[in-house]
Amino acid sequence: MKRWWLWLLVLVAVCGLVGAVYVARLDRIITAKFEGRRWTLPAQVYAAPLELYAGLSMSAADLEHELQRMQYRKVDHPDQEGRYSRQGDHFEIMLRPARFAFESRPAQLLKVDCTGPLVTSLTDAKGAQVPIIRFEPQLIGSIFPSHGEDRIVVTPAQVPPMLPAALKAVEDRNFDTHHGVDPMGILRALFRDLRSGHLESSGAQGGSTLTQQLVKNYFLDSRRTAGRKLQEAIMAVLLESHFSKTDLMTAYINEINLGQDGTRAINGFGLASQFYFGKPLMELDMGQIATLVGLVRGPSYYDPRRHPERSLKHRNLVLSEMADQKVITDAEAQAAEAKPLGVLARGSGGYYPAYLDLVRRQLRADYREQDLTETGLSIYTNFDPRAQDIAERILEQQLARLDERRRTKGATLQGSVVMTAPQSGDVIAVLGGRNPAFDGFNRALDAKRPIGSLVKPFAYLAALESGRYTAASIIQDEPVSIKIPGSPVWEPQNYEHDINGPVPLVHALADSLNLATINLGMDIGLPTVIKSLRRFGVDADIPEVPSLLLGTMSMTPLDVAQLYTGIANGGFKASLRAVRAVVGADGKAIKAFNVDVTPVAQPDAVFALQNMMEQVLQRGTGAGVARLLPPGVVMAGKTGTSSDLRDSWFAGFSGNYLTVVWVGYDDDRVTGLTGAAGSLQVWARVMTALGPTSIIAPTPDTLHEVTIDFRNGYAAPGPCVTEPVTVVVPLSFNPPAAPPGCRITPPVHPPGARAHNAAAVHNAQPGLADRVRSLLQGIVH
């Protein structure tokens with residue numbers, strides 16, 4: 001009997017020793033890890049700030065819309081950050097403090113007056129004029145690591161006092177007095193688990209303390225066993241013995257998971273506040289705080305976007321519990337319960353994956369992946385949320401309309417939009433597909449498709465730069481037959497299957513005449529056209545084949561935007577940039593991405609080309625959208641349609657924006673859409689909504705304006721001039737007058753070809769029609 005007791009004492013001693021060693025080991029682990037705790041801090045990506053100044057084109061309604069988009073709250077007297085008041089066209093705005101790439105601004109009161117469509121006055125609290133003010137940059141996303149954890153770390157000073165009070169009232173009433181474990185709470189939870197017939201995490205039953213929940217999230221995995229619960233309890237006690245309640249509460253607020261955004265985990269109340277409400281944690285009202293506290297019990301189950309009714313009911317339960325615990329009064333609880341959830345329809349940050357993809361790619365040249373995902377960088381970009389929202393809304397509307405008309409079974413049209421500021425190369429919006437929240441295939445950056453007639457302006461520019469051609473020079477729009485070694489004879493056609501004969505270059509480009517473009521390109525030489533494309537930014541291989549002149553080369557929408565930037569910017573290529581600057585976790589600027597502008601073409605030749613491209617929208621293939629564009633605003637562009645109507649393109653620009661649109665099917669099937677019928681419809685509506693300014697530039701000293709007939713190039717006024725158009729040409733060039741006896745004849749159409757609305761003007765030469773008809777023999781239809 002004595003031996004049995006002896007062995008029992010030895011066993012107890014051994015177990016005690018093992019337990020002591022185990023506890024000591026856990027103590028070392030949690031102390032070392034928690035004292036040196038460093039969350040992986042993904043790079044935070046910010047949009048370009050909204051800038052206000054006297055003379056800005058922004059009405060009072062537009063300004064209020066922008067304030068609401070930035071989650072400023074309308075009140076009678078704006079005495080706190082993130083609030084504003086409005087009386088007619090007068091605003092008083094309490095600006096939030098702002099951190100920019102190279103400076104910061106404190107919170108301040110701003111008074112703004114609008115008159116009609118303009119901002120007319122900015123003054124500060126003392127009545128002094130403010131020349132320009134920038135709002136705080138909006139968080140648009142993060143570059144998070146492969147494990148998906150994202151967070152915004154907040155300090156105790158950045159936490160509203162109501163949040164820890166609410167957490168204690170709902171999750172851990174004895175937080176201030178227990179030592180890591182609440183025995184009675186565990187027993188209550190265990191009893192409920194046993195009655196339900198299976199062991200669950202007692203946190204779901206309200207038994208785990210906040211410290212235990214922190215241990216589970218910070219140190220342990222998600223396994224649910226009795227042994228794991230014991231380990232969790234021991235670690236909680238140890239943690240409480242080393243660290244203050246303030247430290248533990250702050251760590252909990254930064255660590256707890258509160259949702260999921262695709263592959264990104266929304267960790268901590270700092271990020272959750274931005275993700276669900278689009279504002280800093282300190283600006284949340286009690287109802288919004290209660291909504292977030294309610295997510296602790298089940299982020300997916302109580303997701304306010306997917307389950308708004310369930311989330312609302314649970315929020316009200318949290319408010320009731322807060323009232324019961326005297327955190328708030330019954331009247332405050334009832335007032336908060338009467339309000340809607342107020343959750344953003346889309347998460348703030350993380351819903352612009354196409355643009356963030358571009359940001360990430362541009363940064364990879366200078367930063368390791370670990371730097372971007374773990375070191376707390378702040379990335380300041382050129383992203384314009386307003387422009388992005390416009391593009392998303394209009395693209396979906398127009399693609400839905402086109403799908404409804406076409407009714408193609410088993411296929412849905414896709415699209416992509418890229419917007420830039422051509423003078424600086426700033427990329428302000430990127431839409432990689434019809435679903436802007438889809439973090440997958442990015443058509444704007446990766447979908448290489450034949451660009452069709454978007455290539456033509458570069459052939460015409462090469463011709464203008466050669467000195468042999470002007471906008472009024474005549475080129476023959478007549479059949480072409482080219483022998484290519486190892487291939488069938490190439491005999492292209494115009495889209496309308498017509499033959500227009502001699503036409504001025506402005507007409508050939510505006511109406512996108514294939515035959516005239518090929519004759520022009522072959523005359524100046526394919527190498528010359530290729531050199532022009534190279535200068536403007538094409539790095540990929542360019543096959544030296546005649547079909548290049550009709551755009552058989554493939555490019556992404558972003559590549560096209562880079563290509564057209566040099567035209568929109570008067571012959572100066574601005575390298576596209578999404579990122580303005582990178583700032584370290586310590587607030588010090590690390591690198592600035594400056595504007596990079598390179599001259600790539602003769603400015604007078606580009607000026608003449610711009611003038612020709614304006615006619616695309618006034619008389620040519622894009623004239624059908626004239627009713628959609630702002631009256632009097634001069635813009636320019638080019639339609640593009642690939643072979644068999646598979647890809648629909650439009651690239652165009654105003655004085656302040658360049659926008660490229662692509663529409664097509666992912667499986668490369670025929671859309672039946674020309675550039676004008678598809679992408680141009682999106683482009684015109686997007687540009688109008690943006691508020692474009694006219695293309696304005698002084699006429700170069702080497703050029704002057706002349707008026708000719710758009711169809712035949714004869715000087716106006718004069719006989720046979722029915723459609724006068726003003727073009728710019730070298731000072732030495734004067735257009736020819738119409739010869740005596742000239743006549744207007746329609747274009748020649750092969751039998752069965754579609755009729756063309758335009759007329760062509762030719763000199764009265766015997767046998768011309770017979771000669772043209774003989775050339776038609778052998779053309780493939």
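The values are calculated or read from the model by the stated rules, or taken from the named source; none is laboratory data. Treat the numbers as computed from the prediction; the structure is a model and nothing was measured. Positions of Cβ are generated from backbone atoms using ideal geometry, with glycine treated the same way; all protein chains shown enter the neighbour counts. Note: accessible area is taken over every heavy atom of the protein model, side chains too, but ligands, DNA and RNA are not part of it. Shrake-Rupley method; radii C 1.70, N 1.55, O 1.52, S 1.80 Å.
Among the chymotrypsin sites (Phe, Trp or Tyr not before Pro) in segment 80-166, those located in a DSSP loop and surrounded by at most 16 other Cβ atoms within 10 Å of their own Cβ are Phe102. Counted by Cβ distance under 12 Å from Leu52, the other residues give a net charge of -2, where Lys and Arg count +1 and Asp and Glu count -1. Cross-link partners of Lys456 among lysines, defined as those whose alpha carbon lies under 29 angstrom from its own and excluding same-chain residues fewer than eight positions apart: Lys448, Lys483, Lys531, Lys573, Lys638. Within the shell defined by Cβ-Cβ distances under 13 Å, the residues around Pro603 carry a net charge of -2, with Lys and Arg each +1 and Asp and Glu each -1. Proximity of backbone amide H atoms, modeled 1.01 Å from N, is registered between Gly425 and no other residue at under 5 Å, excluding neighbours fewer than 5 places apart on the same chain. Only the Cβ atoms of Lys and Arg (+1) and of Asp and Glu (-1) were treated as charged; on that basis the dipole of segment 458-587 about its Cα centre amounts to roughly 540 debye. Karplus-derived 3J(HN,Hα) values for segment 280-291, using 6.51 cos²θ - 1.76 cosθ + 1.60 with θ = phi - 60°, are x, 4, 5, 8, 6, 8, 5, x, 5, 4, 5, 4 Hz; glycine and proline are entered as x. Near the amide H of Ala737, within less than 5 Å, lie the amide hydrogens of Ala715, all on another chain or at least 5 residues away, with H placed in the peptide plane. Shown in residue order for segment 85-92 are the 3J(HN,Hα) couplings computed by the Karplus curve 6.51 cos²θ - 1.76 cosθ + 1.60 at θ = phi - 60°: 10, 9, 10, x, 9, 10, 10, 10 Hz (x for Gly and Pro).
Peptide packing for 684-694, 363-373 was compared via the average number of neighbouring C-beta atoms within 10 Å per residue; ordered from the highest value, the list is 684-694, 363-373. Are any of the pairs Lys279/Lys588; Lys245/Lys313; Lys279/Lys326; Lys313/Lys339 more than 19 Å apart by Cα-Cα distance, and if so, which? Check vs 19 Å cut-off fails for Lys279/Lys588; Lys245/Lys313; Lys279/Lys326.
A straight Cα-to-Cα reach below 16 Å connects Lys111 with the lysines Lys74, Lys126, residues fewer than 8 places away in its own chain not being considered. Over all other residues within a Cβ to Cβ distance under 14 Å of Ala508, the charged ones net out to -3, with Lys and Arg as +1 and Asp and Glu as -1. When the surface is traced with a 1.4 Å probe over the full set of protein chains, Arg669 keeps roughly 80 Å² accessible.
Using θ = phi - 60° in the Karplus curve 6.51 cos²θ - 1.76 cosθ + 1.60, the 3J(HN,Hα) couplings for segment 320-326 round to 5, 5, 5, 5, 4, 8, 6 Hz; x is entered for Gly and Pro. Peptides 277-286, 50-59, 563-572, ordered by how many other C-beta atoms sit within 10 Å of their residues on average, highest first, read 563-572, 277-286, 50-59. By the gyration tensor of its Cα atoms, with a ≥ b ≥ c the square roots of the eigenvalues, what is the shape of segment 336-441: rounded for a/c under 1.5, prolate for a/b over b/c, or oblate? Oblate, because a/c is 1.5 or more while a/b does not exceed b/c.
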